[in-house]
Amino acid sequence: MSASTPYEYRIGIDLGGTKIEAAALAPDGSLRLRRRIPTPHGYDAAIAAIADLVRGFETQLGGHGSVGVGIPGVISPATGLVKNANSIALNGHPFDRDLAQALGRVVRVENDANCFALSEAADGAGAGQHCVFGVILGTGCGGGTVIDGQVLQGRHHIAGEWGHTPLPWPLADELPGILCWCGHRNCLETRISGPALARDCDGPEARDATSIPARAAAGDVAARAALARHADRLARGLAVVINLIDPDVIVLGGGLSNMDHLYVELPGLLPKYAFSDFIHTPVMRNVHGDSSGVRGAAWLWPAPLA
């Protein structure tokens with residue numbers, strides 16, 4: 001395909017450890033087509049599967065689409081290879097170049113948390129805001145910043161790696177902290193992710209926090225205490241974000257973003273920790289749910305399409 005070929009719609013790909021989701025957006029952002037497939041084993045198989053999805057979309061829709069991909073890692077500006085991906089098959093590969101070669105066109109690749117933030121900034125909970133900080137609270141913990149519709153990547157493409165900053169203002173019983181897979185102790189990911197909440201409530205072997213809010217509502221004292229600790233730790237982490245970049249809105253995503261109490265508790269906890277005489281930062285539930293990642297990947301190609 002010629003580099004000058006005009007694109008008639010945006011194709012977004014969300015590459016996860018268990019599924020690949022693809023979506024095609026019309027120029028106005030409306031959904032034209034969506035599909036999910038299991039993530040195949042192996043790097044080459046993933047490249048081939050994504051290329052097949054794109055070709056299938058173009059056969060069904062006609063014309064050509066721009067391609068943006070969200071991955072659970074980043075492209076290193078030093079090596080051009082994927083780094084920091086928890087889907088370890090991606091690490092050490094020139095993913096963007098390999099996919100571009102398979103498709104015969106330029107592709108844009110970004111961290112999946114950044115894609116989430118971009119989606120919510122484009123036409124979600126942060127639409128119309130100057131600075132949007134998006135938070136992923138799920139199996140892991142991540143974040144992304146969008147300023148005036150542009151993802152903030154940073155010099156090393158690690159801007160927003162908020163989950164691997166230490167828990168602020170730790171209490172005595174929070175030290176020395178839990179060892180994180182990254183090699184450091186007391187990363188926010190070890191304290192506010194879904195598995196972290198489950199462990200805090202139900203012991204070291206627990207992994208699933210899904211039932212904890214319902215148990216707390218039914219009067220389970222341990223569940224209530226765990227949710228209170230989790231909200232306080234999350235508020236401490238977000239207060240540091242406010243101190244650093246003072247976003248216009250914070251948008252929560254991931255499985256834990258469905259916990260209703262966070263939108264009640266966090267606004268009252270943030271002023272306790274942030275460095276200001278008043279804090280009015282809205283904490284919003286995402287609009288696009290589990291489609292935010294794939295939509296953000298599509299929005300890596302802003303208007304006008306070229």
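Of all residues in the stretch 259-299, those being out of contact with any strand residue (DSSP E or B) (no Cβ under 7 Å at 6 or more places or on another chain), without any contact (Cβ under 8 Å) to a residue 60 or more places away in the chain and more than 22 Å from Ala23 (Cβ to Cβ) number 17. Restricting to the stretch 212-245, count the residues that are surrounded by 14 or more Cβ atoms within 10 Å (Cβ to Cβ) and in a loop (DSSP other than H, G, I, E, B). Residues in the stretch 212-245 being surrounded by 14 or more Cβ atoms within 10 Å (Cβ to Cβ) and in a loop (DSSP other than H, G, I, E, B): 1 in total. Which ones in the stretch 252-271 are in a strand (DSSP E or B) and closer than 20 Å to Pro168 by Cα? Of everything in the stretch 252-271, just one residue is in a strand (DSSP E or B) and closer than 20 Å to Pro168 by Cα, namely Leu252. Scanning the stretch 64-96 for residues that are over 24 Å from Ser119 (Cα atoms) and either surrounded by fewer than 17 Cβ atoms within 10 Å (Cβ to Cβ) or among the aliphatic types (A, V, I, L, M) (or both) turns up Ala78, Thr79, Gly80, Leu81, Ile88, Ala89, Asn91, Gly92, Pro94. Restricting the first member to the stretch 140-151 and to residues that are over 13 Å from Gly163 (Cα atoms) and in the same structural domain as Arg199 (by TED's automatic domain parsing), and the second to residues that are outside any strand (DSSP E or B) and of a type in the set (Phe, Trp, Tyr), the beta-carbon pairs closer than 9 Å and six or more apart or on different chains are Gly149/Trp299. Of the residues making up the stretch 263-293, those that are surrounded by 21 or more Cβ atoms within 10 Å (Cβ to Cβ) and under 25 Å from Pro72 (Cα atoms) are Val283, Asn286, Ser292, Gly293. From the list Val240, Val249, the one residue that fits, being touching a strand residue (DSSP E or B) at 6+ places or on another chain (Cβ under 7 Å), outside the structural domain of Asn111 (by TED's automatic domain parsing) and under 27 Å from Pro166 (Cα atoms), is Val249.
Out of everything in the stretch 120-150 that is among the acidic types (Asp, Glu) and modelled with pLDDT of 95 or more, what residue ends up being nearest to Gly237 (Cα to Cα)?
Here the residue is Glu120.
No other residue among Ala26, Ala22 is touching a Phe, Trp or Tyr at 6+ places or on another chain (Cβ under 8 Å), surrounded by fewer than 19 Cβ atoms within 10 Å (Cβ to Cβ) and under 14 Å from Ala298 (Cβ atoms) apart from Ala26.
The values are calculated or read from the model by the stated rules, or taken from the named source; none is laboratory data. Just so you know, these numbers come straight off a predicted model, no measurement behind them. Using ideal geometry, Cβ is built from the backbone for each residue, glycine included, and neighbour counts are taken over all protein chains shown.
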